[in-house]
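The values are calculated or read from the model by the stated rules, or taken from the named source; none is laboratory data. All values derive from a computational prediction rather than experimental measurement. Positions of Cβ are generated from backbone atoms using ideal geometry, with glycine treated the same way; all protein chains shown enter the neighbour counts. The accessibility values were calculated without ligands, DNA or RNA, using every heavy atom of the protein model including side chains. Shrake-Rupley method; radii C 1.70, N 1.55, O 1.52, S 1.80 Å.
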Amino acid sequence: MESNLKLQLEQLHQRVETLKSQINTEEATKNAFVMPFIQILGYDIFNPTEVIPEFICDIGTKKGEKVDYVIKKDDQPILIIECKHWKENVDAHNSQLHRYYHVSKARFGVLTNGYIYNFYADLERPNVMDEKPFFTLDLSNLKHSNIKILENFTKNGYNLESLLNSAESLKYIKAIRVEFEKELQAPSDEFVKLLVNRFFEKLLTANRLATFKEYTKKAISYSYNESISFRLKNALAIN
């Protein structure tokens, strides 16, 4: 299943690259790029009980608000999709999807410009969409791990429990990685203290802390460079 899904997504990416210069509106983006994506997931875009376009989401006093697509399985909404023009930066438009998500029973929402798909869930608070996506699919950079996740969103492979577990692990692994990379770039006082207190028994004064912060930067740099050198040597040895 994975190889077939990847092949279809690669073909869709080629379609996007070929046609995007001729796609001038958001509606054209939906028709040319997003609807084929929904089809690739196995849903019948011509069945209005399965893929519902322009689904009305009344939000408080605002009546007639519409989300671009709602996908149903077993007559239950499982996914809402909001689309933007392919030139738009999807990261800048999640507030609209956030409003729709609040009044939807779907556990997942997607914000897309036709080649980048940001997947959201409600891991922090029930029925309130998280501010950041737990998963991003970029058609120009299809990874094995991303294809495996996407399989759980297909019509035949949809698994709510598996998706919620994956969403949580992806969200927090990504968050930890971001924080770790920040520490690698500029070690915080807390990070330095955590390391130094394991071997330095004297009082850690402000001056000593500043010194150890420089030591930490150098230690990280040495370790990183040695790791790269080791990988290069292994790669050359294999070849």
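One residue alone among LEU232, LEU204, LEU194, LEU236 is part of a helix (DSSP H, G or I) and surrounded by 12 or more Cβ atoms within 10 Å (Cβ to Cβ), and that residue is LEU194. Scanning for something over 19 Å from ILE38 (Cα atoms), surrounded by fewer than 15 Cβ atoms within 10 Å (Cβ to Cβ) and among the basic types (Lys, Arg), does the range 159-173 turn up at least one residue? The answer is no, given that none of the residues of the range 159-173 is over 19 Å from ILE38 (Cα atoms), surrounded by fewer than 15 Cβ atoms within 10 Å (Cβ to Cβ) and among the basic types (Lys, Arg).
Quick grid of which residues meet (1) under 23 Å from GLU54 (Cβ atoms); (2) open to solvent by less than 30 Å² (accessible area, probe 1.4 Å):
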site	(1), (2)
LYS6	no, no
ILE23	yes, yes
GLU27	yes, no
ALA32	yes, yes
PRO36	yes, yes
GLY42	yes, no
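Select from the range 136-158 the residues that are polar (S, T, N, Q) and surrounded by 13 or more Cβ atoms within 10 Å (Cβ to Cβ) and list them in ascending order. Outline the logic, then answer.
Our first condition is that a residue be polar (S, T, N, Q); within the range 136-158, this holds for 136, 140-141, 145-146, 152, 154, 156.
Result: THR136, ASN146, ASN152, THR154.
Given the criteria under 23 Å from LEU19 (Cβ atoms), touching a Leu at 6+ places or on another chain (Cβ under 8 Å) and not hydroxyl-bearing (Ser, Thr, Tyr), does LEU97 qualify? No.
Just so you know, in the range 207-225 the residues that are farther than 18 Å from GLU181 by Cβ and of a type outside the set (Lys, Arg) include one that is surrounded by the most Cβ atoms within 10 Å (Cβ to Cβ), and it is PHE212.
Taking the range 174-191 only, how many residues are open to solvent by less than 50 Å² (accessible area, probe 1.4 Å) and in a loop (DSSP other than H, G, I, E, B)? Let's see the steps before the verdict.
Residues of the range 174-191 open to solvent by less than 50 Å² (accessible area, probe 1.4 Å): 175, 183, 187-188, 191.
Among the residues that remain, those that are also in a loop (DSSP other than H, G, I, E, B) are: 187-188.
Number of matching residues: 2.
Within the range 128-143, residues that are β-branched (Val, Ile, Thr) reach partners that are at pLDDT below 90 with beta carbons closer than 7 Å, at six or more positions or on different chains, in the pairs VAL128/HIS102; VAL128/ASP122. Here is a list: ILE38, ILE23, ILE52. Which entry is in contact with a Ser or Thr (Cβ under 6 Å, 6 or more places away or on another chain), in contact (Cβ under 8 Å) with a residue 12 or more places away in the chain and not small (Gly, Ala, Ser)? Answer to the check: ILE23.
Out of curiosity, is ASN94 at pLDDT below 80 and buried (at least 17 other Cβ atoms within 10 Å of the Cβ)? Against the criterion (at pLDDT below 80 and buried (at least 17 other Cβ atoms within 10 Å of the Cβ)), ASN94 qualifies.
From the list VAL192, VAL178, VAL128, the one residue that fits, being touching a helix residue (DSSP H, G or I) at 6+ places or on another chain (Cβ under 6 Å) and farther than 30 Å from ASP44 by Cβ, is VAL192. Considering the range 111-153, and only residues there that are of a type in the set (D, E, K, R) and not in a loop (DSSP other than H, G, I, E, B), the residue that is modelled with the highest pLDDT turns out to be ASP138.
Can you tell me how many residues within the range 70-104 are among the basic types (Lys, Arg) and within 13 Å of ILE52 (Cβ to Cβ)? Before you say what the answer is, go through the steps one by one.
Going through the range 70-104, the residues among the basic types (Lys, Arg) turn out to be 72-73, 84, 87, 99.
Filter once more, so that each one left must be within 13 Å of ILE52 (Cβ to Cβ): 72-73.
So the count comes out to 2.
Report, ordered by the first and then the second residue, all pairs with beta carbons closer than 9 Å, sequence separation of six or more or different chains, a first member in the range 103-127 that is touching a residue at least 12 places away in the same chain (Cβ under 8 Å), and a second member that is of a type in the set (Phe, Trp, Tyr) and surrounded by fewer than 17 Cβ atoms within 10 Å (Cβ to Cβ). Matching pairs, first to second residue: LEU123/TYR172.
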